Structure formats: C-alpha cells, structure tokens
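K.L.:
Dropping a structure here in structure tokens format, bear with me for questions.
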Amino acid sequence: MDPTRTRLTRFAERVTIIRAIGVIIVVFAIFTLLAALVEYLVEPQTFKTFGDACWWSIQTVSTVGYGDDVPETAGGRFVATLVMLFGMAFVPAVTSIIVAILVERGRRGVEREQFQRSHPEE
C-alpha cells in the first residue's frame, strides 16, 4: 500500500476539530512564509524587508489586500496571483474535506449505535 495513502487514512481516522484547525493553521503559516520569501526574493525593491513581505503575504492570503505594498514586476505579480488563488481556494477546500471527514465519522457512529441497539446480543 502507498505510504502517503496510509498516512492520510490514519489522519482521517484520528482527525478532531482541534487537529483540523491545527493542520489548517500550519499549512497556511508555511504557505504564507514561503510566499513572503519568494516575493521578497523576486521583488526586493518593493519589499525591502522580509517583514514587509510577510505583511503583504498575510494580507494577500487572507484576501484582505490593503494595497499598501503591491508587486510591480511581472514575476512579483505572478507570485501574487498564485497567493491570491491559494487564499481563495485552499481554505474552502481544506475546510470542506475536514468537515466531510467529521460528518462521515459521525454518521458511522450513529449507524454503529443504531446497529448495537437493534442487535444487543452481538
């Protein structure tokens, strides 16, 4: 069996709301820091410090986008486009997957309880 599939299966079996929120936060933090680093390297004239790039990245991933610092080069705008798409698509996708896992687990639990009530000898 594929080790990645096994790891994902184990995660799905053990997921809780707290773990799900933790995974979402960690993934977003890593992505935000990587996006900031790439933008800082691609466009150092606009983002003079890594902190400035992090601020821009947080605004962009969260889709707030204050616009106080914006990429000016084609490379910077390409990175910004990826960051915006990630911010708009990833949160709902991950949230939907985790909610589906939790709902399915809840459904199985209800089915198990109903079975046990209707078959007390088993």
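K.L.:
Can you tell me which residue within the range 66-122, out of those that are among the polar types (S, T, N, Q) and loosely packed, with under 12 Cβ neighbours inside 10 Å, is farthest from Thr9 (Cα to Cα)? Steps first, answer last, please.
P.N.:
Quick first cut of the range 66-122, residues among the polar types (S, T, N, Q) only: 73, 81, 95-96, 114, 116, 118.
The next check asks that each one be loosely packed, with under 12 Cβ neighbours inside 10 Å; those that pass are 96, 114, 116, 118.
Numbers: Ser96: 17, Gln114: 25, Gln116: 25, Ser118: 30 Å.
Checked the range 66-122; the qualifying residue farthest from Thr9 (Cα to Cα) is Ser118.
K.L.:
Given the conditions (1) without any contact (Cβ under 8 Å) to a residue 40 or more places away in the chain; (2) surrounded by 11 or more Cβ atoms within 10 Å (Cβ to Cβ); (3) closer than 30 Å to Arg107 by Cα, which single one is not true for Val15?
P.N.:
It fails just one condition, (1).
K.L.:
Do any residues in the range 34-46 that are within 12 Å of Val70 (Cβ to Cβ) have Cβ atoms under 8 Å from those of residues that are among the aromatic types (Phe, Trp, Tyr) and assigned to a loop (DSSP other than H, G, I, E, B), where the two are at least six apart or on different chains, and which pairs are they?
P.N.:
Listed by first residue and then by second, the contacts come to Glu39/Phe47.
K.L.:
Quick check on this structure: which one of Ala93, Ala89, Ala80 is closer than 17 Å to Pro44 by Cβ, assigned to a helix (DSSP H, G or I) and not polar (S, T, N, Q)?
P.N.:
Working: Ala93 fails: closer than 17 Å to Pro44 by Cβ; Ala89 fails: closer than 17 Å to Pro44 by Cβ.
Going through Ala93, Ala89, Ala80 in turn, just one is closer than 17 Å to Pro44 by Cβ, assigned to a helix (DSSP H, G or I) and not polar (S, T, N, Q): Ala80.
K.L.:
All but one of (1) among the small types (Gly, Ala, Ser); (2) within 20 Å of the chain's Cα centre (by Cα); (3) outside any helix (DSSP H, G or I) hold for Ala53; state the number of the condition that does not hold.
P.N.:
Going through (1) among the small types (Gly, Ala, Ser); (2) within 20 Å of the chain's Cα centre (by Cα); (3) outside any helix (DSSP H, G or I) one by one, Ala53 breaks only (3).
K.L.:
Search the range 18-50 for residues being loosely packed, with under 11 Cβ neighbours inside 10 Å and not in a loop (DSSP other than H, G, I, E, B), and hand back the single one that is modelled with the lowest pLDDT.
P.N.:
Here is the first cut: in the range 18-50, the residues loosely packed, with under 11 Cβ neighbours inside 10 Å are 18, 25-26, 30, 45, 49.
If we keep only those that are not in a loop (DSSP other than H, G, I, E, B) as well, we get 18, 25-26, 30.
Values: Ile18: 82, Ile25: 86, Val26: 88, Ile30: 92.
Restricting to residues being loosely packed, with under 11 Cβ neighbours inside 10 Å and not in a loop (DSSP other than H, G, I, E, B), the top hit is Ile18.
The values are calculated or read from the model by the stated rules, or taken from the named source; none is laboratory data. The shown structure was predicted, so the numbers you read here are calculated from the model rather than taken from an experiment. Backbone-built Cβ (ideal geometry, glycine too); neighbour counts: all protein chains shown.
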